[in-house]
Amino acid sequence: MQSIIVGWQMYELTKDPLALGLIGLAEALPNIFTALFAGNAADRYNRKHIITWFTLLFLVGTTLLFLFSIKHLGIITTFGVFPIYFVVMISGVSRAFLYPSIIALMSQLVPRHLYTNASTWNSTMWHIAAITGPAFGGLIYGFFGVRVAYLSVLFFLLLALLLLGFLKNYPLPAIIPGETLFQRLSTGIKFVFHNQILLGAMSLDMFAVLFGGAVAMLPIFAAEVLYVGPQGLGFLRAAPMVGAVIMSLIMAYRPPLVHAGRYLMIGVAGFGLSIISFALSRNFYLSLGILMLSGMFDNISVVIRATAMQLLTPDEMRGRVASVNAIFIGSSNEIGSFESGLAAKLMGLIPSVIFGGIMTLGIVGFTSKFTPRLRKLNLRAIK
């Protein structure tokens with residue numbers, strides 16, 4: 001919800017595609033700089049406590065955004081949009097610490113033989129939230145205004161904190177004595193870079209999302225191409241998530257195990273083709289359908305990568321490997337937003353999105369050729 005609210009508010013305040021792209025950059029940079037330390041924390045400290053404290057930090061940021069939206073306080077009038085970017089940076093730090101702790105804790109909640117199904121259902125639940133969030137965020141913003149929209153976000157964050165209280169505390173894996181902080185941080189990086197499957201899967205998704213980040217430009221598509229306003233923007237943002245949930249349900253019953261590498265390549269290539277098709281569409285309902293397809297294709301790679309990471313990573317390194325994955329994948333969304341905004345500024349909106357889709361297809365071809373172990377990946381064969 002917050003991403004759609006901040007995006008539309010920024011568009012209303014600036015009318016500038018680069019300003020939208022800078023939202024992604026403002027979140028990505030602190031995320032990248034703190035991700036490795038967050039992964040180390042997830043392997044050394046109570047994971048439930050980390051999730052709780054950084055959800056609280058996210059709540060503080062949302063409270064500030066609500067205060068910024070009160071016009072008679074004059075914060076935006078005095079300082080412009082810079083306070084919004086500052087809060088987005090706080091969100092980036094929060095997300096950096098939340099992601100590895102959640103991934104590491106999830107592996108303790110279910111037995112190893114259920115990792116594939118757990119990854120699939122976890123993806124399903126996340127995408128359901130990502131469907132309802134943008135849809136409700138856009139509708140609430142359109143009908144009731146920005147302040148009510150931010151209050152809605154605060155309500156759900158408080159609900160999340162309440163639900164976290166029901167989680168048990170699990171013991172941490174053994175820590176190797178005598179390791180320095182630098183050694184612990186470098187261990188996760190070395191593990192990923194020495195594993196062709198993990199490195200190839202993370203790199204493929206990173207560059208695909210980096211160049212295929214049309215989502216950041218959806219406020220402009222909604223306002224100037226499809227003419228549907230913030231209400232329509234919410235549905236556009238939700239459409240890929242609808243497709244992802246549909247694909248998650250399919251994969252829950254028919255998991256892509258034996259030919260996982262082949263399905264991974266097909267999924268990312270389909271995502272690139274969907275981005276190109278979306279750029280060419282001028283019909284709102286056709287655009288919704290294309291975005292649904294993009295979500296279906298994208299979720300194939302999400303589930304395969306998450307399952308491979310769970311199966312190939314030792315328990316004592318899960319937080320650090322997850323943080324490396326966050327740098328590759330999570331931050332590429334935000335840097336991809338910046339790339340999309342910059343490309344749209346230089347090339348124009350439609351050509352920039354088409355360019356991104358073509359680059360994604362090229363990356364699939366390159367990865368398929370130079371990472372044969374990833375292309376031939378069989379998740380069922382991993383013990």
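Side notes on the structure shown:
- Selection count, the range 63-76, where residues are surrounded by fewer than 21 Cβ atoms within 10 Å (Cβ to Cβ) and touching a residue at least 40 places away in the same chain (Cβ under 8 Å): 5
Residue-wise test of (1) touching a Ser or Thr at 6+ places or on another chain (Cβ under 9 Å); (2) among the polar types (S, T, N, Q); (3) surrounded by fewer than 21 Cβ atoms within 10 Å (Cβ to Cβ).
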residue	(1), (2), (3)
Phe284	no, no, yes
Ile290	yes, no, no
Arg318	yes, no, no
Lys345	yes, no, yes
Thr360	no, yes, no
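- Lone qualifier among Thr307, Thr313 - being β-branched (Val, Ile, Thr), more than 20 Å from the chain's Cα centre (by Cα) and closer than 30 Å to Val110 by Cα: Thr313
- Scoring Met10 on the criteria (1) modelled with pLDDT of 85 or more; (2) out of contact with any Asp or Glu (no Cβ under 9 Å at 6 or more places or on another chain); (3) of a type outside the set (Gly, Ala, Ser) leaves a single failure, condition (2).
- Identity of the residue in the range 118-161, at pLDDT 90 or above and of a type outside the set (A, V, I, L, M, F, W, C), that ends up farthest from Asn299 (Cα to Cα): Arg147
- Qualifying residue in the range 370-383 (condition: in a helix (DSSP H, G or I), surrounded by 20 or more Cβ atoms within 10 Å (Cβ to Cβ) and among the basic types (Lys, Arg)): no
- Any hit, the range 253-264, residues being over 14 Å from Leu379 (Cα atoms), in contact with a helix residue (DSSP H, G or I) (Cβ under 7 Å, 6 or more places away or on another chain) and assigned to a helix (DSSP H, G or I): no
- Selection within the range 38-56 - in contact with a Leu (Cβ under 9 Å, 6 or more places away or on another chain), hydrophobic (A, V, I, L, M, F, W, C) and surrounded by 17 or more Cβ atoms within 10 Å (Cβ to Cβ): Ala38, Ala42, Ile50, Ile51, Phe54
- Identity of the residue in the range 191-231, among the polar types (S, T, N, Q) and assigned to a helix (DSSP H, G or I), that ends up surrounded by the most Cβ atoms within 10 Å (Cβ to Cβ): Ser203
To keep it simple, each residue is scored yes or no on (1) aliphatic (A, V, I, L, M); (2) free of Cβ contacts under 8 Å to residues at least 40 places away in the same chain; (3) in contact with a strand residue (DSSP E or B) (Cβ under 9 Å, 6 or more places away or on another chain); (4) over 24 Å from Phe355 (Cα atoms).
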site	(1), (2), (3), (4)
Arg184	no, no, no, yes
Ile189	yes, no, no, yes
His194	no, yes, no, yes
Leu236	yes, no, no, no
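- Test for Gly341: is it closer than 21 Å to Phe278 by Cβ, without any contact (Cβ under 8 Å) to a residue 60 or more places away in the chain, in a helix (DSSP H, G or I) and not polar (S, T, N, Q): no
So that you can scan it fast, the table gives a plain yes or no per residue for (1) touching a Ser or Thr at 6+ places or on another chain (Cβ under 7 Å); (2) among the hydrophobic types (A, V, I, L, M, F, W, C); (3) surrounded by fewer than 19 Cβ atoms within 10 Å (Cβ to Cβ):
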{"site": "Thr78", "(1), (2), (3)": "no, no, yes"}
{"site": "Arg95", "(1), (2), (3)": "no, no, no"}
{"site": "Val110", "(1), (2), (3)": "no, yes, yes"}
{"site": "His113", "(1), (2), (3)": "no, no, yes"}
{"site": "Gly138", "(1), (2), (3)": "no, no, no"}
{"site": "Leu162", "(1), (2), (3)": "no, yes, yes"}
{"site": "Glu179", "(1), (2), (3)": "no, no, yes"}
{"site": "Arg184", "(1), (2), (3)": "no, no, no"}
{"site": "Gly188", "(1), (2), (3)": "yes, no, no"}
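- In the range 113-128, the residues that are under 14 Å from Ala306 (Cα atoms) and either aliphatic (A, V, I, L, M) or touching a residue at least 60 places away in the same chain (Cβ under 8 Å) (or both): Leu114, Tyr115, Thr116, Asn117, Ala118, Ser119, Thr120, Trp121, Asn122, Ser123, Thr124
- If you go through the range 299-332 and keep only what is β-branched (Val, Ile, Thr) and modelled with pLDDT of 80 or more, you end up with Ile300, Val302, Val303, Ile304, Thr307, Thr313, Val321, Val324.
The values are calculated or read from the model by the stated rules, or taken from the named source; none is laboratory data. Computed from a predicted structure; not experimentally measured. With ideal geometry, Cβ positions are generated from the backbone for all residues, glycine too; neighbour counts draw on all protein chains shown.
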